[in-house]
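**Q** Before anything else, here's the structure in question.
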Amino acid sequence: RRRVQTPDAADGQKRKRLINPPLDFELKDLDQEHRSLDSLRISRETIEEFGIGYCARRGMFQNRIAIPIHNESGDLVAYCGRITDDSETSSHNPLYLFPDMERVRKHDNALIVFDRSKLVYNAHRIDSPVDELIVVEDIRLVWLLYEMGKENTVALLDPSAKKQASIISSLVHEQGLIWFL
């Protein structure tokens, strides 16, 4: 596990480290009608339901599809950006771009860190515990399965994270089924 470099060493202050706190902003002007969203092959209703939109503004998600990420309580904690053309995916241009864990930002004398290993996409929408839960690796599959009436679907944000397993198991009855697709 990599150690996060804290910018407080220079100013000598001890700062509280907050992992995945609720954001105090929302991305504005996301275009939910942009033609690049057609590549997702989902309805406008699903786009609106999940708050997805094309980000034309400057920043790390420029020219990507912006996807809100919520914690289990439903608080908006981050956005990720999905590439608009899957054929352009490379090691330097990943399919999903997440806020960098190594980039720590200061806010109200605290260090804010994004850690996707502690989150499961769409877990906040599951009225747990459920009898059956579908787990997928690609966020887009959550939307496609949602449109097929499979609302109890979540996506892994970090397939190697053990913390996600405990979140997933908490969403299902003790005798419930978990389907991995």
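The values are calculated or read from the model by the stated rules, or taken from the named source; none is laboratory data. Note that the structure is a prediction, hence the values are computed from the model and not measured. Glycine also receives a Cβ, built like all others from the backbone with ideal geometry; neighbour counts cover every protein chain displayed. The area values use the complete protein model at the heavy-atom level, side chains included, leaving out ligands, DNA and RNA. Shrake-Rupley method; radii C 1.70, N 1.55, O 1.52, S 1.80 Å.
A quick yes/no check of all residues on (1) of a type in the set (Gly, Ala, Ser); (2) out of contact with any helix residue (DSSP H, G or I) (no Cβ under 7 Å at 6 or more places or on another chain); (3) within 21 Å of ILE19 (Cβ to Cβ):
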| residue | (1), (2), (3) |
| --- | --- |
| ASP115 | no, yes, yes |
| HIS124 | no, yes, yes |
| ASP127 | no, yes, no |
| ASP131 | no, yes, no |
| GLY149 | yes, yes, no |
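**Q** Which one of TYR121, TYR146 is buried (at least 21 other Cβ atoms within 10 Å of the Cβ), within 26 Å of THR84 (Cα to Cα), among the hydroxyl-bearing types (Ser, Thr, Tyr) and in contact with a strand residue (DSSP E or B) (Cβ under 7 Å, 6 or more places away or on another chain)?
**A** The unique qualifying residue is TYR121.
**Q** Starting from the stretch 117-139, take each residue that is of a type in the set (Gly, Ala, Ser) and list its partners that are open to solvent by 60 Å² or more (accessible area, probe 1.4 Å), counting only C-beta distances under 7 angstrom and pairs at least six apart or across chains.
**A** SER117/LYS163; ALA123/GLU72; SER128/SER170
**Q** Please specify each residue of the stretch 135-163 satisfying the condition of being of a type in the set (S, T, N, Q) and within 27 Å of SER39 (Cβ to Cβ). Quick ask: steps written out before the conclusion?
**A** Taking the stretch 135-163 first, the residues of a type in the set (S, T, N, Q) are 152-153, 160.
The answer is ASN152, THR153.
**Q** Moving on. Under 7 Å between Cβ atoms, which residue pairs at least 6 apart in sequence (or on different chains) link something in the stretch 152-173 that is at positive phi with a partner that is open to solvent by less than 30 Å² (accessible area, probe 1.4 Å) and outside any loop (DSSP other than H, G, I, E, B)?
**A** The qualifying pairs do not exist here.
**Q** Quick one: which residue in ILE65, ILE69 is touching a Ser or Thr at 6+ places or on another chain (Cβ under 7 Å), modelled with pLDDT of 95 or more, closer than 27 Å to THR153 by Cα and in a strand (DSSP E or B)?
**A** Answer to the check: ILE65.
Let's see how each residue does on (1) polar (S, T, N, Q); (2) in a loop (DSSP other than H, G, I, E, B):
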{"site": "THR84", "(1), (2)": "yes, yes"}
{"site": "ASN93", "(1), (2)": "yes, yes"}
{"site": "LEU111", "(1), (2)": "no, no"}
{"site": "ASP127", "(1), (2)": "no, yes"}
{"site": "LEU133", "(1), (2)": "no, no"}
{"site": "ASP158", "(1), (2)": "no, yes"}
{"site": "SER166", "(1), (2)": "yes, no"}
{"site": "GLU174", "(1), (2)": "no, no"}
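**Q** Under 8 Å between Cβ atoms, which residue pairs at least 6 apart in sequence (or on different chains) link something in the stretch 69-89 that is aromatic (Phe, Trp, Tyr) with a partner that is at pLDDT 95 or above and open to solvent by less than 60 Å² (accessible area, probe 1.4 Å)?
**A** Taking only residues 6 or more apart or on different chains, the pairs are TYR79/ALA66; TYR79/ILE67; TYR79/PRO68; TYR79/ILE69.
**Q** Scan (1) in a helix (DSSP H, G or I); (2) of a type in the set (Ser, Thr, Tyr); (3) closer than 27 Å to ILE126 by Cα for the single condition SER36 breaks and write down its number.
**A** Unmet condition: (3).
**Q** Looking at the stretch 35-58, which of the residues that are open to solvent by 40 Å² or more (accessible area, probe 1.4 Å) and of a type outside the set (Lys, Arg) is farthest from LEU97 (Cα to Cα)?
**A** GLU45
**Q** Go through the stretch 59-86 and give me each residue that's among the polar types (S, T, N, Q), closer than 19 Å to ARG125 by Cα and open to solvent by 40 Å² or more (accessible area, probe 1.4 Å).
**A** Correct list: SER73 only.
**Q** Further, regarding this structure: Scan LEU23, LEU27 and give me the residue that is more than 15 Å from LEU97 (Cβ to Cβ), part of a loop (DSSP other than H, G, I, E, B), aliphatic (A, V, I, L, M) and open to solvent by 20 Å² or more (accessible area, probe 1.4 Å).
**A** Testing whether each residue is more than 15 Å from LEU97 (Cβ to Cβ), part of a loop (DSSP other than H, G, I, E, B), aliphatic (A, V, I, L, M) and open to solvent by 20 Å² or more (accessible area, probe 1.4 Å) leaves just LEU23.
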